[in-house]
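Colleague: Quick one: this structure, given as structure tokens, is what I'll be asking you about.
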Amino acid sequence: MTNPVVTQRLTKRYGSLTAVDALDLEVRAGEVYGFLGPNGAGKTTTLRMLLGLIKPTSGEVRLFGVPPGRPGHLARVGSLVEGPAFYPYLSGSDNLKAMARHARVGAGRIALVLDQVDLTGRARDRYASYSLGMKQRLGVAAALLKDPRLVVLDEPTNGLDPAGMADMRLLVRRLGAAGCTVLLSSHLMTEVQELCDRVGVISRGRLVAESTVAELRGDRTLRIVADPLEAAAGTARDLIGADAVSVRDGGLDLNVAPGRAPEINAALVRAGIAVHELTARERSLEQAFFDLTAPDPASTPPPPLTGLKTEQNYV
């Protein structure tokens, strides 16, 4: 089966600024793929190239094996990038009707997608009266209108209240469970950690990591608070090796599998050491993200973007 998204050395330059630099991405069929990066890293530029909204300077993009913008590709892709664009004085349902006619989609899909994003009760209200979160939900409804095989969502929970965010996460889970491929860009690490099968991290235009969330977070470790601390450190070093033990913040960090906790606890107790805390810990996705995207102190900041035209994003 052809992967929904493949890029090869995808590059976009604006004058002397390289916004995206030789990017190789691979999004597999049926997965929820998290696309992460700090502001200015090149995420939205990449998504816009994937959708054919802007042309790359060099490199290739393939969606289901064909370049973006082809009729066959457009029929299978739904997207929400940066923000939705709708007619302000039409209702939510009328906006979707206009889009459905243009996309040659049956009117029956409109009620279905409005229900999916919990907008049925406000479907007849003017778009101009919608809150930011409602506008965002209508944008997601429009992205689902064609019943796509690939959905590209750029910050889909932007402007949503906690209940709306929970509903959006549930919707993404349902899309993934139904076999739809979802490419999700988000700043919310907990959201990505809960939803995504694999993650790609971009920094300064380059891909710095691509793996499962578990692999990115790394191995779990043990945290021990004991008294006396130095004696506990010595016992632990004798048992698992000096390189696996570090003293930090009034406790011990042990780079071993949590399954060895009973063995280590028993050794400390036999040595007459009082164990106050013994917990399994793992690096959060947020910490992994910060570690991967921390700026290089030796690097210089890129020049500011000036005098550039921007394109309107349409769902």
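Colleague: Using the beta-carbon distance between V208 and Q8 and R0 = 22 Å, what value does 1/(1 + (r/R0)^6) give for FRET efficiency, to the nearest 0.05?
Modeller: Details: r = 17 Å, r/R0 = 0.79.
For V208 and Q8, the calculated efficiency is 0.80.
Colleague: Which residues' amide hydrogens lie under 5 Å from the amide hydrogen of I202, considering only partners 5 or more residues apart or on another chain, with H built in the peptide plane?
Modeller: Placed amide hydrogens put L36, G37, V208 under 5 Å from I202.
Colleague: Quick one: how many Å² of R70 are accessible to a 1.4 Å probe, rounded to 10?
Modeller: 120 Å²
Colleague: Across 10 Å bins from 0, what is the distribution of all Cα-Cα pair distances for the range 208-279, in whole percents?
Modeller: Result, from short to long distances: 20, 52, 17, 9, 1 percent.
Colleague: Quick one: what do you get for the range 29-174 if you divide its Cα Rg by 2.2 N^0.38 Å? Mind showing how you got there, number by number?
Modeller: Working: Rg = 15.3 Å, N = 146, 2.2 N^0.38 = 14.6 Å.
Ratio of Cα Rg to 2.2 N^0.38 Å: 1.05.
Colleague: Keeping all protein chains in place, calculate the accessible area per residue for the range 82-194 (probe 1.4 angstrom), answer in Å².
Modeller: Details: 5420 Å² over 113 residues.
It amounts to 48 Å² per residue over the range 82-194.
Colleague: Grab the alpha carbons of the range 98-185, take their convex hull, and tell me the volume per residue in Å³.
Modeller: Details: hull volume 8.4 nm³, N = 88.
Each residue corresponds to 96 Å³ of Cα convex hull volume.
Colleague: Write down the percent of antiparallel bridges among all DSSP beta bridges whose residues are both part of the chain, to the nearest 5.
Modeller: Of those bridges, close to 65 percent are antiparallel.
Colleague: Compute the semi-axes of the equivalent ellipsoid of the chain, taking the square root of 5 times each eigenvalue of the Cα gyration tensor, and list them largest first in whole Å. Numbers along the way, then the final one.
Modeller: Details: eigenvalues 406, 116, 60 Å².
Gyration-tensor ellipsoid for the chain: 45, 24, 17 Å.
Colleague: Take the chain, connect every pair of alpha-carbon atoms lying under 10 Å apart with a spring to form a Gaussian network, then pick out the residue of L222, L184, L47 with the largest mean-square fluctuation.
Modeller: In the Gaussian network model the winner is L222.
Colleague: Using a 7 Å offset from the Cα along the Cα-to-Cβ direction at both L170 and S58, what is the distance between the two label points in nm, to one decimal?
Modeller: For the pair L170/S58, the computed spacing is 4.9 nm.
Colleague: Separate question: Taking the inverse of the average 1/r across all pairs of different Cα atoms in the range 60-99, what Kirkwood radius in Å do you get?
Modeller: Numbers: mean 1/r = 0.0814 Å⁻¹.
One over the average 1/r among Cα pairs gives 12.3 Å for the range 60-99.
Colleague: Apply the Karplus curve 6.51 cos²θ - 1.76 cosθ + 1.60, θ = phi - 60°, to the phi angles in the range 234-247 and return the couplings in whole Hz, x for Gly and Pro.
Modeller: x, 5, 5, 5, 5, 7, 10, x, 5, 5, 8, 10, 9, 9
Colleague: Amide H neighbours of V20 under 5 Å, counting only residues 5+ apart in sequence or on other chains, H built in-plane at 1.01 Å?
Modeller: Counting only residues 5 or more places away or on other chains, the set is K12.
Colleague: Could you tell me the extents of the range 152-285's C-alpha atoms along the three principal axes, largest first, rounded to whole Å?
Modeller: 57, 34, 27
Colleague: Quick one: which residues, 5+ away or cross-chain, put their amide H under 5 Å from the amide H of E155? H built at 1.01 Å from N.
Modeller: Those lying under 5 Å, H to H, from E155 are S185, S186.
Colleague: Considering only protein heavy atoms, with the full assembly of protein chains and a 1.4 angstrom probe, order K146, K55, K43, K97 by accessible area, largest first. Write down the numbers at each step before the final one.
Modeller: On the way: K146 70, K55 160, K43 15, K97 90 Å².
Largest accessible area first, the residues go K55, K97, K146, K43.
Colleague: Given a Förster radius of 30 Å and the C-beta distance between L229 and L292 as r, what FRET efficiency does 1/(1 + (r/R0)^6) yield to the nearest 0.05?
Modeller: Values: r = 32 Å, r/R0 = 1.06.
After rounding to 0.05, the efficiency reads 0.40.
Colleague: Cβ neighbours within 10 Å, averaged per peptide: list 28-36, 241-249 in order, most packed at the top.
Modeller: Order by mean packing, descending: 28-36, 241-249.
Colleague: Something else about it: Give me a comma-separated list of calculated 3J(HN,Hα) values for the range 124-131, in order, Karplus coefficients 6.51, -1.76, 1.60 applied at θ = phi - 60°, integers in Hz, x for any Gly or Pro.
Modeller: Values per residue, Gly and Pro as x: 8, 7, 5, 4, 4, 8, 6, 6 Hz.
Colleague: I've got another one for you. So, with a 1.4 angstrom probe, what is the percent of accessible area on the range 112-228 that is carbon and sulfur?
Modeller: Details: 2390 of 5020 Å².
C and S atoms contribute 48 percent here.
Colleague: Which value in nm describes the separation of the simple spin-label points at L90 and R237, placed 7 Å from the Cα toward the beta carbon?
Modeller: Distance between label points: 7.2 nm.
Colleague: Tell me which aspartates and glutamates have Cα within less than 18 Å of K55's Cα, excluding those fewer than 8 residues away on the same chain?
Modeller: Candidates past the 8-residue exclusion: D21, D24, E82, E311.
Colleague: Find how many whole Å separate the alpha carbon centroid of the range 108-174 from the alpha carbon centroid of the range 49-84.
Modeller: A separation of 21 Å, based on Cα centres.
Colleague: Could I ask something else about it? Tell me the mean residue ellipticity at 222 nm calculated for the chain from its helices only (DSSP H runs of n ≥ 4, each -39500 (n - 2.57), averaged over every residue, nearest 500). Mind showing how you got there, number by number?
Modeller: Working: 11 runs with 104 residues, N = 315.
It lands at -9500 deg cm²/dmol.
Colleague: Hey, with R₀ at 45 Å, roughly what FRET efficiency would A257 and R126 work out to, going by the Cβ-Cβ distance, to 0.05? Before the final figure, lay out the partial values.
Modeller: Numbers: r = 58 Å, r/R0 = 1.29.
Once the sixth-power term is evaluated, E becomes 0.20.
Colleague: Here is a further query. Are there chymotrypsin sites (Phe, Trp or Tyr not before Pro) in the range 79-140 that DSSP puts in a loop and that have at most 12 other Cβ atoms within 10 Å, and which ones?
Modeller: Numbers: sites: F86, Y89, Y127, Y130; in loops: F86, Y89, Y130.
The qualifying sites are Y89.
Colleague: Sticking with this structure for a sec: Which distance in nm do the two modelled labels at S246 and D118 give, with both placed 7 Å along the Cα-to-Cβ direction?
Modeller: So the two model labels end up 4.2 nm from each other.
The values are calculated or read from the model by the stated rules, or taken from the named source; none is laboratory data. As the structure is a computational prediction, the values presented were derived from the model and not from experiment. Note that each Cβ is placed from the backbone with ideal geometry, even for glycine, and that neighbours are counted across all protein chains shown. With ligands, DNA and RNA removed, areas are computed over all heavy atoms of the protein, side chains included. Shrake-Rupley method; radii C 1.70, N 1.55, O 1.52, S 1.80 Å.
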